[in-house]
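These notes concern the structure reproduced below.
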Amino acid sequence: MAKTKLTPSSLFPIFNPHPGPRLLGMARLAAESTHADDGHQIEFRTLQPRTILNRSISKRQLKNYWTINPFRGCEFGCKYCYARYTHEFLEPAPINTPPPGTHDIPQQSWALAFEHEIYLKENAAWLLEKELRHIDPTKEIAIGTATDPYQPIERRVGITRSLLEVFARQKGLRIGIITKSSLITRDIDLLQQIAANNTLVLHITITTTDAALARKLEPRAPRPDLRFAALRRLCIAGLNAGVLCSPLLPGINDSVASIEAVAERAAAAGACFLGANPLFLKSCSRPTWLAFIREHLPHLADDYNRRFATADFVDATYRNRMATLIRQICRRHHLHERQSEAHLTRDLSTPRAASKQPARKPPIPVRPENPQPSLFATIQR
């Protein structure tokens with residue numbers, strides 16, 4: 001949430017070229033940003049961040065790790081996206097957060113701006129090189145937790161690639177990348193260099209094999225078939241890559257047939273793992289998602305209103321049922337299972353070979369005793 005501070009100049013406007021409260025933090029950086037480019041109903045602006053590595057503590061798994069988001073905002077416009085809250089901090093005034101149980105309310109302008117006003121972080125590689133000298137190398141670094149690092153603008157500006165060039169010169173780091181974009185294959189050369197001296201895990205998010213449904217849920221993201229093709233190329237290149245079938249949306253993509261279809265194609269592409277977790281409906285994304293449900297799937301509106309009446313999470317019964325189903329599907333398709341709600345808990349030391357034939361069944365990994373497993377704890381094969 002943006003912070004403001006009254007100054008003498010704000011009390012005497014004649015001395016203040018910009019009347020009003022003084023902006024601090026991200027709100028000030030956003031106000032100082034400059035126009036960089038335009039896309040279809042999108043404005044790109046430059047942002048000069050003070051840091052590129054951000055410490056994240058997940059409330060869902062009490063896990064401390066570092067995140068990198070090369071952009072603020074995302075062109076893909078996924079209706080369920082939980083990261084819309086990041087534009088809240090750019091607002092000059094405090095935001096009124098709708099409480100759980102609030103259903104029929106207008107979509108917040110700043111939450112919609114998340115997909116129409118994208119900020120490009122300048123000097124990202126320089127900041128990363130400087131900050132890596134001061135962090136614990138055993139801490140995981142997740143790239144793309146609140147924006148897609150390979151959204152279309154990356155093709156022109158290359159911020160993510162500049163970060164990978166820095167990582168390619170490092171040793172002993174633990175890095176994960178999350179994306180919906182096939183553009184990741186552009187950087188296979190750097191990803192191979194990084195993987196040679198670091199732990200690297202690549203996660204391709206594919207919520208459904210149904211292209212028509214995907215177009216509604218993720219309006220500007222690449223088609224599912226393009227993502228599976230990218231996954232196959234990554235696996236052929238010898239990289240550890242798998243699929244996130246997340247979020248699981250009750251009544252939409254959580255059927256056995258839907259998840260089986262994703263798992264089957266993931267295995268055929270050579271994926272090392274499959275992960276899937278239920279929808280996490282933060283207050284920032286609730287109006288957008290529920291408006292989408294009322295417009296496109298009105299028969300599910302009452303069910304979603306009930307499920308998220310008092311909390312941002314689905315209930316334990318649904319969560320446990322889905323976890324059991326995912327575990328069974330992973331075993332049927334010889335895929336390792338991801339078990340984290342927030343991010344990804346395990347690395348796979350040996351990639352599968354992409355093939356149309358089922359791979360030989362690997363040993364089932366032993367569940368660690370630690371109830372909060374490491375983001376990329378290695379599975380021995």
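The values are calculated or read from the model by the stated rules, or taken from the named source; none is laboratory data. Predicted, not measured: the structure shown is a model, and the values here were computed from it. Cβ placement follows ideal geometry from the backbone for every residue including glycine, while neighbour counts extend to all protein chains displayed. Note: accessible area is taken over every heavy atom of the protein model, side chains too, but ligands, DNA and RNA are not part of it. Shrake-Rupley method; radii C 1.70, N 1.55, O 1.52, S 1.80 Å.
For the residues 116, 336, a 1.4 Å probe over the protein chains yields an accessible-area ranking, largest first, of 116, 336. Length gained on full extension, residue 295 to residue 192: 32.7 nm, using 0.36 nm per residue less the C-alpha separation.
Compute, for the stretch 182-246, the length of the dipole vector about the Cα centre, with Cβ point charges of +1 (Lys, Arg) and -1 (Asp, Glu) only. Units Debye, rounded to 20.
Rounded to the nearest 20 debye, it is 200 debye.
Once a ≥ b ≥ c are taken as the square roots of the eigenvalues of the Cα gyration tensor of the stretch 292-333, is the result rounded (a/c under 1.5), prolate (a/b larger than b/c) or oblate (a/b not larger than b/c)? In terms of gyration-tensor shape, oblate. Geometric descriptor of the stretch 105-187, per residue, is 129 Å³ (volume of the convex hull of the Cα atoms).
Charged side chains reduced to their Cβ positions (Lys and Arg at +1, Asp and Glu at -1) give the stretch 160-299 a dipole of some 380 debye around its Cα centre.
In a fully extended conformation the segment linking residue 321 and residue 216 would gain 35.2 nm over its present Cα-Cα distance, using 0.36 nm per residue. Ligands, DNA and RNA are left out, and with a 1.4 angstrom probe the accessible area of the stretch 115-156 is 43 Å² per residue.
Treating each Cα of the stretch 243-290 as an identical point scatterer and summing with the Debye formula, the log10 of I(q)/I(0) at q = 0.16, 0.17, 0.18, 0.27 Å⁻¹ comes to -0.51, -0.56, -0.60, -0.97.
Model label points for residue 260 and residue 170, set 7 angstrom from Cα along the Cα-to-Cβ axis, are 4.2 nm apart.
What translational D, rounded to a whole number of µm²/s, comes out for the stretch 207-331 from Stokes-Einstein when the hydrodynamic radius is the Kirkwood one over Cα pairs, at 20 °C and 1.002 mPa s?
138
From the square roots a ≥ b ≥ c of the eigenvalues of the alpha-carbon gyration tensor of the stretch 154-205, which class results: rounded (a/c under 1.5), prolate (a/b over b/c), or oblate? Oblate, because a/c is 1.5 or more while a/b does not exceed b/c.
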